Amino acid sequence: MEKILREALLDAFNKQKLKMMLLDELNERLDQIVGGENDEDIVFNLIEWAEKKGRLPELIQGAFNSNPGNPKLQKFVENNLDFVLELDKDKFPIPYSEVKSFISILQTIKDPQLIKKSLESSLPERYIANVKHELQKLDDKTKLSNYLIPLKIILKEYVIIDDNLVIMKFANALKEKIQSDDSRNELESWLTNNQQYRFSKVTVIKKKDKLQPYLMVILQPASIKGEVNLLGYLAFGSEENKYNHKNFIPLDNPKTSFKYNQIEIELQISDLIDKSQQKIEQKREEGYQVTPELILEFFLPYPYIFEPIESWNRKICIIEEELEKIGLEYKITVRAYERLVPRNAELRNRLSERWEQIKESSTQNTQDINNMFEYCNLKNNDPKILQNKFRGKIGLKLTSISSAPESNRKSLLSIVLKEGIPIMIWARCCETTTIINSLDYFSNSCLNSSQLLQLALDERVDNKNNLRDDLGILYDEPYRLSYLANKEDTLRIGA
């Protein structure tokens, strides 16, 4: 398969076109990820890179989106559709041979608007907005582009809704709308042969794994006058499908360009949490298993990255204006906004490189992992002096954040970004034996983000349900960054 793919990519793209495709479709710069003496070497190395990163299907889809008219690329996608769409043939609710039979029929339908209308009528109205962007891509470029998009929707994204197999509803809608007698008869025959699969008792749409919801709150600089925007995205992750961009849901937030004000931000965060809970409930209604906990991720620019966000309030009762600190209920982590903005792809690449080091550390013992962290009392040490010690580290353990000079905090953040350090665990208070032991304890759990954040939550909340706001964590996984950075319409002000 790799040899055929290599030939298809070489036929579809010269080096310049390949650069453009990678940047447009995968948000990657060719010269920053692979090299080679000639085009053949570059494409070979690119395929190896994509395989290692688990992004080969994404590369193939991106290549096809960029050049859908290339015959070799078309043939490759047709012959490897299950791989390109990342389908689990053995777990699909109907035999895959019947899916292939339906694809053969769909290939004969040349009217993209007919396909679009049939697909829209196959989905409940509440889902149409989620696929609107994909449906807009349907055009007359190639027959393949007219059926690859709906197949992604009915075989990958929305398989079963309300106990109905969506492929059956789509086939029936096509039959009702199509003018060709031959195609109508083929669809009628296919539906008759597969009538027993119309209703499915399967309630999980994609995988049996539970989805983990993440509310991503992005505090975006809006002007040099100190105004900010607050953006919200809800993401769902699982073990098998880490953070597919199809699982991103933008959350409406009508208030923009306001002066940084904690009370105003707290109100908006309360609203985003409420909207997230509504979306999570919709996912459950669709048949997903969703964990009951919502993890909050704050993408914060430098001036706010050490804010005690755990003590920010959430309004939980509008009538009585009852407030609760978010740190009592939610796992919370901070992420660096500067790594997110579109122009900083280099910072994201360094972060990804360092993240590979973390994955390689998973087999090491506790002491070895702890040695990969560097300790720093930020009040008494200028980070610039310690910069050489930070190199090669996967994380930092910090104390005295609150009392440290602003220049020290600024220097530290600059080094963290430059070196690609993914993890910081800090105590806002001064160092004590208890605090240092606590930071050691957390650093030993750094390879499992959920476990680390749960430990932090347990540590923050005492037996009387009181909150300690002296503990903070930056856990900057590279996942989701590329997708969000592509949203240049929302991030261009801060870029």
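Computed from the C-beta positions of GLU324 and GLU353, the FRET efficiency with R₀ = 51 Å rounds to 0.80.
Here is the link list: LYS75/LYS156; LYS3/LYS116; LYS152/LYS177; LYS152/LYS359. Which ones come out longer than 25 Å on Cα distance? Walk me through the numbers on the way to the answer.
Working: LYS75/LYS156 21 Å; LYS3/LYS116 34 Å; LYS152/LYS177 21 Å; LYS152/LYS359 31 Å.
From LYS75/LYS156; LYS3/LYS116; LYS152/LYS177; LYS152/LYS359, over 25 Å: LYS3/LYS116; LYS152/LYS359.
With the whole protein complex present, ILE103 retains an accessible surface near 20 Å², based on a 1.4 Å probe. The GluC sites (Glu not before Pro) found in region 1-53 that occupy coil by DSSP, while having at most 12 further C-beta atoms within 10 Å, are GLU37. For region 9-14, putting each phi into the Karplus relation 6.51 cos²θ - 1.76 cosθ + 1.60 with θ = phi - 60° gives couplings of 5, 5, 6, 8, 9, 8 Hz, in residue order, rounded to whole numbers and with x for Gly and Pro.
The values are calculated or read from the model by the stated rules, or taken from the named source; none is laboratory data. Computed from a predicted structure; not experimentally measured. Every residue, glycine among them, receives a Cβ derived from its backbone with ideal geometry; neighbour counts consider all protein chains shown. Only protein heavy atoms, including side chains, enter the accessible area calculation; ligands, DNA and RNA are left aside. Shrake-Rupley method; radii C 1.70, N 1.55, O 1.52, S 1.80 Å.
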